[in-house]
Amino acid sequence: MSLCLIVSFIGVAQNERAISGAVFDQNGVPIPKAVVKPEGTDLEFAVNDNGTFIINVPFFVTRITAVCPGYFSQTLEVDGSYLAFKLKVDKKYAENQAKQAEEQRIAAEKAAAAAKAQAEAQAKAEAQAKAKALAEAEAQAKAEAEAKAKA
């Protein structure tokens, strides 16, 4: 039985090849958040912090695509065992991200202003209720004192 497992494992290993490579931006800076996807498979591999990768893919894979948010994807033909991707910045993506961040900042400022106004209104209402209760207590004490004085 163990012989079958070894033969089976060797058969799988022979159906794959190792591909290594790196994903850079257009200035040659590594992109550590990139993902490489062998075409014709459901596989996805994250690159390491240096933007490099070593993956095993089936022999039928002839193209690999590198993707990363904020960059245009790039597909390269597998013509050896090393691929060097150079992704270009998607300026519209960066603009949209900046716009969303600004919208979130404005919404947060509005929410903070509304919360502050609500807290101030509540504090004012509490202060007015306290002042009213104090005035009523003083009036009652004065009335009691006058009633005692008359008696």
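Before moving on, here are some points about what is shown:
- Whole-number Å³ per residue for the convex hull built on Cα positions in segment 80-151: 91
- Charge dipole magnitude, Cβ of K and R +1, D and E -1 - segment 1-141, Cα centre, debye nearest 20: 220
- Coupling constants for segment 62-68 follow from the phi torsions by the Karplus curve (6.51 cos²θ - 1.76 cosθ + 1.60, θ = phi - 60°), and in residue order they are 10, 9, 10, 10, 9, 9, 6 Hz; glycine and proline get x.
- On full extension, the segment bounded by E146 and K116 gains 6.4 nm, given 0.36 nm per residue less the C-alpha separation.
- DSSP-defined antiparallel bridges as percent of all bridges, segment 1-137, nearest 5: 75
- Here the chain has 58 percent of its accessible surface on carbon and sulfur atoms, given a 1.4 Å probe and all protein chains in place.
- Ellipticity estimate at 222 nm from DSSP helix runs (n ≥ 4, -39,500 (n - 2.57)) divided over the chain, nearest 500: -18000 deg cm²/dmol
- Inter-label distance for D90 and E136, nm, one decimal - labels placed 7 Å from Cα along Cα-to-Cβ: 6.4
- Projecting the Cα atoms of F24, V89, A113 onto the charge dipole of the chain, computed from C-beta unit charges around the Cα centre, puts A113 farthest toward the positive end.
- Rounded tilt (10° steps) of 91-150 against the dominant C-alpha axis of the chain: 20
- For the chain, the solvent-accessible area works out to 74 Å² per residue, with a probe of 1.4 Å and every protein chain left in place.
- Every Cα-Cα pair in the chain was counted, and those over 20 Å apart are 70% of them.
- With at most 16 other Cβ atoms within 10 Å, longest stretch of the chain clear of loop trypsin sites (Lys or Arg not before Pro) (DSSP): 89-151
- For K124, the lysines whose Cα comes closer than 27 Å to its Cα, not counting residues fewer than 8 places off in the same chain, are K110, K116, K132, K142.
The values are calculated or read from the model by the stated rules, or taken from the named source; none is laboratory data. Not measured: the values here are computed from a predicted model. In this analysis, Cβ positions are derived from the backbone assuming ideal geometry, glycine residues included, and neighbour counts consider all displayed protein chains. Keep in mind that these areas ignore ligands, DNA and RNA; they rest on the heavy atoms of the full protein, side chains included. Shrake-Rupley method; radii C 1.70, N 1.55, O 1.52, S 1.80 Å.
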